[in-house]
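Heads up: the structure comes next, in C-alpha cells.
The values are calculated or read from the model by the stated rules, or taken from the named source; none is laboratory data. In this text, all values refer to a predicted model and were calculated from it rather than measured experimentally. Glycine also receives a Cβ, built like all others from the backbone with ideal geometry; neighbour counts cover every protein chain displayed.
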Amino acid sequence: RETESRNFIEQIIDNDIKEGHCQEVHTRFPPEPNGYLHIGHAKSILLNSGIAKQYGGKFNLRFDDTNPTKEKIEFVESIKEDVKWLGADWEDRLFFASDYFDQMYEAAVKLIKKGKAYVSDLSAEEIREYRGTLTETGKEDPSANRSVEENLQLFEEMKAGKYQDGAKVLRARIDMSSPNINMRDPVIYRVAHMTHHNTGDKWCIYPMYDFAHPIEDAIEGITHSLCTLEFEDHRPLYDWVVREVGYEHPPKQIEFAKLYLTNVVTGKRYIKRLVEEHIVDGWDDPRLVSIAALRRRGFTPESIKKFVELCGISKSNSSVDYAMLEYCIREDLKLKRSRAMAVLDPIKVVIDNYPEGQVEELTIVNNMENEALGSHTVPFCRELYIDREDFMEEPPKKYFRMYPGNEVRLMQAYFVTCNSYIKDEDGKVTEIHCTYDPASKGGNSPDGRKVKGTIHWVPAPYAKKAEIRLYENIVDEELGVYNEDGSLNLNPNSLTVLENCYVEPFAADAKAYDSFQFVRQGYFCVDAKDTTDEKLVFNRIVSLKSSYKL
Ligand code: ATP
Ligand code: MG
Ligand code: MG
C-alpha cells in the first residue's frame with residue numbers, strides 16, 4: 001500500500017520490517033484491572049489487535065496488575081468480556097504481569113550488581129524535593145554511593161519484610177541532572193505490605209510502573225509497545241530499563257493520542273460518584289461510555305470499530321463529538337436491523353366500520369434497503385393504538401397527521417378518517433373514532449386519492465406492553481460539563497422512562513441485546529439488565545435523524 005494511506009505507526013512498523021529489526025509483529029493491550037473499560041480503551045484494543053492481525057502477528061491481553069492497592073479481580077472478568085466482545089482475539093495469550101514478579105526482582109538485582117540501582121533511605125517527599133524541577137537540576141541522593149554488597153543486602157531485607165512501607169525504596173541510578181525529570185534516579189521498587197490478588201502475601205515489595213512495563217513487554221517478546229502520549233517523556237526510561245537489564249530483542253515504545261469525547265464524562269472518579277449517588281444505574285448505565293454501557297445501550301462492536309477508524313491514529317490530542325459515535329451506529333444498523341412498529345405514548349383508535357372480531361395479517365418488509373432480511377406480518381383489527389403526538393384536536397397549518405375530518409394512512413394498512421374523539425375529565429384524549437376505506441388496503445387508494453400523513457400503529461389486543469427508555473447526555477452541554485468547584489452539571493432530562501408503550505407482536509419475543517428500528521422513532525435495543533419474562537424494556541440507542549455530517 002502507499003505510504004500516504006498508512007498511519008504513522010504502520011509506517012514505523014513497515015520500516016522496522018524492511019530494515020530487519022523485527023520479523024513478526026507482536027502487540028499487547030495492557031489494562032490495569034482497576035476499573036471498567038471505556039470507549040478510549042476501545043481505541044487501544046482495536047489498534048493493538050488490528051495491527052497484529054494486519055501484519056499476521058500476535059496480540060496479547062496482559063493484565064498490568066503490579067499495583068495491589070487498586071486492583072480487583074472483578075475487573076479482570078469484565079475486561080476480558082469487553083475485549084472479547086470487541087472482537088480482539090488474544091487466543092491463548094492471556095498474561096498477568098504479577099506472574100513476572102520473580103523476573104522483575106531478578107532484573108532489579110542485576111541492576112544493583114551493575115551499579116545501576118541503589119537502595120535509598122529518603123522519604124517520598126524528600127525524593128520529590130531532591131529531584132529538582134524543570135529549571136533546577138536534581139541533588140544527589142545521600143544513599144547513592146552505597147556499595148553493591150550493601151545494596152544487595154538492603155534490597156534482600158526489603159523483600160524479607162524488614163522495613164515499613166515507605167522506609168526504603170530502590171532507585172535506578174541514571175542522571176540527577178538530566179533535563180528529563182523521569183531520568184533523575186527514578187524509584188523502581190517500593191515497600192508495600194499488601195496482599196496481592198494473584199500472589200497473595202508472597203511479596204511486600206512491588207515494582208513501579210516505569211520499571212515493570214518494559215520488562216513485561218520484553219518478556220512477552222512484544223515488538224511494538226503502543227501507548228498514549230503522556231508516556232512520551234517516559235520513553236528514555238523505558239529504553240534504559242530494556243537496555244540495562246539486557247534484553248536481546250528490545251521492544252519499541254510508540255505513543256499515540258488518546259481518544260477524547262467532547263462533553264462526555266469518562267473520568268473514573270466522576271463515574272464512581274455517579275454510581276455511588278445512584279444518579280446512574282451502575283457502570284453499565286446506558287448514558288455512560290464504558291464498553292459495558294455501550295453494549296447495554298445497543299451499540300455493536302462494528303460500530304465502535306468504525307468510530308475508532310474514523311477518529312484515526314495521530315500524535316496530537318483532539319476531541320470528537322458523541323454525534324460521530326451515533327452516526328457510526330446508525331450506519332451499522334441501517335442495513336442489519338428489521339423495522340417494527342412501536343407506540344411510545346398510546347391513544348386507542350377504534351375503526352367503527354371495521355367488523356368486530358375480524359383480523360387480517362398484513363405484511364411488513366423488514367428492511368427496505370436489504371431484501372435479505374425478509375418480511376413479517378402484523379395483525380390488523382378494529383382496535384389499535386397510535387402515538388399521542390400523531391393526533392391533534394386543533395392542528396396548526398402543515399400538520400398532516402390525524403385530526404378531526406382528516407384522512408391519513410396507517411402504515412402498510414389502510415386510509416382512515418378521524419370522525420370523533422373522547423376526552424376524560426382532565427381534557428386528555430382517550431379514544432379516537434375513525435372509519436377506514438376498505439379499498440385502500442396496502443396504503444393506496446385505487447382512485448388515486450392522495451393523503452399526506454402516514455402514521456404507525458399497533459393492534460391493541462395483540463400488542464405487547466413494554467417500557468422504553470430515552471436518553472440524553474448526562475451532563476448539561478449548554479452549561480459545560482464541570483462547575484467551578486469541579487462538580488458535574490447534570491442534565492435533569494438525561495433519562496426519560498416511558499412505562500406504557502406498546503410494540504407489535506414481531507418485537508414481543510425479543511431477547512436481551514436484540515435491536516430494531518422502530519419506525520419513525522429510532523433504533524432500540526432490549527435492555528439486558530432489567531428485562532424479565534414479565535417485563536420488556538427497550539433502550540433507545542439513537543434517534544433516526546442526525547445533525548452530524550461526515
Ligand atoms: P483510565 O484512567 O481512563 O482508566 P488508564 O490509562 O488508567 O485509563 P489503563 O488500564 O492503564 O487505563 O489503560 C490500558 C491501555 O489503554 C493503556 O495502554 C492506555 O494508554 C490505553 N488508554 C487509556 N485511555 C485511553 C484513551 N482515552 N484513548 C486511547 N487509549 C487509552
Ligand atoms: Mg485504567
Ligand atoms: Mg493507567
Give all pairs with beta carbons closer than 7 Å in which a residue from the range 250-272 that is closer than 26 Å to ALA212 by Cβ and charged (D, E, K, R) meets a residue that is within 11 Å of ligand 1 (Cβ to nearest atom) and not in a loop (DSSP other than H, G, I, E, B); count only pairs at least 6 apart in sequence or on separate chains. LYS252/SER225; GLU255/CYS227; GLU255/THR228; GLU255/LEU229; GLU255/PHE231; LYS258/GLY40; LYS258/THR228; LYS258/LEU229
Could you list, in sequence order, all residues of the range 316-333 that are out of contact with any Ser or Thr (no Cβ under 8 Å at 6 or more places or on another chain) and among the hydrophobic types (A, V, I, L, M, F, W, C)? MET324
Which one of these does LEU288 not meet: (1) in a loop (DSSP other than H, G, I, E, B); (2) over 28 Å from VAL503 (Cα atoms); (3) of a type outside the set (Asp, Glu); (4) within 16 Å of ligand 2 (Cβ to nearest atom)? (2)
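With TYR100, TYR36 as the choices, which residue is among the aromatic types (Phe, Trp, Tyr), within 16 Å of ligand 3 (Cβ to nearest atom) and either in contact (Cβ under 8 Å) with a residue 60 or more places away in the chain or on the phi > 0 side of the Ramachandran plot (or both)?
Values: TYR100 fails: within 16 Å of ligand 3 (Cβ to nearest atom).
From the options TYR100, TYR36, the qualifying one is TYR36.
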Long-range neighbours under 9 Å by Cβ, at least six apart or interchain, first residue over 13 Å from ALA42 (Cα atoms) and aromatic (Phe, Trp, Tyr) within the range 304-315, second at pLDDT below 95 and not in a helix (DSSP H, G or I): none
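Considering every residue within the range 258-279, establish whether at least one is assigned to a loop (DSSP other than H, G, I, E, B), more than 30 Å from THR496 (Cβ to Cβ), within 16 Å of ligand 3 (Cβ to nearest atom) and within 28 Å of the chain's Cα centre (by Cα). Spell out how you get there, then give the answer.
Start the filter on the range 258-279 by keeping residues that are assigned to a loop (DSSP other than H, G, I, E, B), which leaves 258, 262-267, 277-279.
Retained after the next criterion (residues that are more than 30 Å from THR496 (Cβ to Cβ)): 258.
Retained after the next criterion (residues that are within 16 Å of ligand 3 (Cβ to nearest atom)): 258.
Imposing the further condition that a residue be within 28 Å of the chain's Cα centre (by Cα) reduces the set to 258.
Yes, the range 258-279 has at least one match.
Residues checked against (1) surrounded by 15 or more Cβ atoms within 10 Å (Cβ to Cβ); (2) closer than 23 Å to GLU255 by Cα:
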{"residue": "ILE45", "(1), (2)": "yes, yes"}
{"residue": "ASN48", "(1), (2)": "yes, yes"}
{"residue": "GLN54", "(1), (2)": "no, yes"}
{"residue": "LYS58", "(1), (2)": "yes, yes"}
{"residue": "PHE63", "(1), (2)": "yes, yes"}
{"residue": "ILE73", "(1), (2)": "no, no"}
{"residue": "TRP85", "(1), (2)": "yes, no"}
{"residue": "GLU91", "(1), (2)": "no, no"}
{"residue": "ALA97", "(1), (2)": "yes, yes"}
Residues that are farther than 30 Å from ASN15 by Cβ and within 16 Å of ligand 3 (Cβ to nearest atom): does the range 227-234 have at least one? no
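Has the range 71-87 got any residue that is of a type in the set (Gly, Ala, Ser), out of contact with any Pro (no Cβ under 6 Å at 6 or more places or on another chain) and within 20 Å of GLY312 (Cβ to Cβ)? If you could, list the steps in order and put the result at the bottom.
In the first step, residues of the range 71-87 are kept if they are of a type in the set (Gly, Ala, Ser); the result is 78, 87.
From what is left, the residues that are out of contact with any Pro (no Cβ under 6 Å at 6 or more places or on another chain) are 78.
Narrowing the set further to residues that are within 20 Å of GLY312 (Cβ to Cβ) leaves none.
Taking every residue of the range 71-87 in turn, none turns out to be of a type in the set (Gly, Ala, Ser), out of contact with any Pro (no Cβ under 6 Å at 6 or more places or on another chain) and within 20 Å of GLY312 (Cβ to Cβ).
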With the checklist (1) surrounded by fewer than 15 Cβ atoms within 10 Å (Cβ to Cβ); (2) part of a helix (DSSP H, G or I) in hand, flag the one item PRO142 doesn't pass. (2)
Which number in (1) part of a helix (DSSP H, G or I); (2) away from ligand 1 (no atom under 16 Å from the Cβ) marks the one condition that GLU74 misses? (2)
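Out of the range 185-220, which residues are part of a loop (DSSP other than H, G, I, E, B), out of contact with any Pro (no Cβ under 8 Å at 6 or more places or on another chain) and either touching a residue at least 40 places away in the same chain (Cβ under 8 Å) or not assigned by TED's automatic domain parsing to the domain that holds ASP141 (or both)?
ASP185, PRO186, ASN198, THR199, LYS202, TRP203, CYS204, listed by residue number.
In this structure, is GLY161 at positive phi, in contact (Cβ under 8 Å) with a residue 40 or more places away in the chain and assigned by TED's automatic domain parsing to the domain that holds THR66? Steps first, please.
Values: at positive phi: yes; in contact (Cβ under 8 Å) with a residue 40 or more places away in the chain: yes; assigned by TED's automatic domain parsing to the domain that holds THR66: yes.
For GLY161, the condition - at positive phi, in contact (Cβ under 8 Å) with a residue 40 or more places away in the chain and assigned by TED's automatic domain parsing to the domain that holds THR66 - is met.
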Select from the range 14-38 the residues that are touching a helix residue (DSSP H, G or I) at 6+ places or on another chain (Cβ under 7 Å), hydrophobic (A, V, I, L, M, F, W, C) and either more than 13 Å from ligand 2 (Cβ to nearest atom) or outside the structural domain of ILE222 (by TED's automatic domain parsing) (or both) and list them in ascending order. CYS22, VAL25
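Here's the yes/no breakdown for (1) touching a Gly at 6+ places or on another chain (Cβ under 8 Å); (2) within 22 Å of LYS70 (Cβ to Cβ); (3) of a type outside the set (A, V, I, L, M); (4) at pLDDT 95 or above:
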position	(1), (2), (3), (4)
GLU126	no, no, yes, yes
ARG131	yes, no, yes, yes
THR135	no, no, yes, no
SER143	no, no, yes, yes
GLU149	no, no, yes, yes
GLU157	no, no, yes, yes
Which condition number in (1) farther than 23 Å from MET158 by Cα; (2) not in a strand (DSSP E or B) is the one that CYS227 fails? (2)
Could you please give the count of residues in the range 1-59 that are of a type in the set (Phe, Trp, Tyr), within 13 Å of ligand 1 (Cβ to nearest atom) and assigned to a loop (DSSP other than H, G, I, E, B)? 1
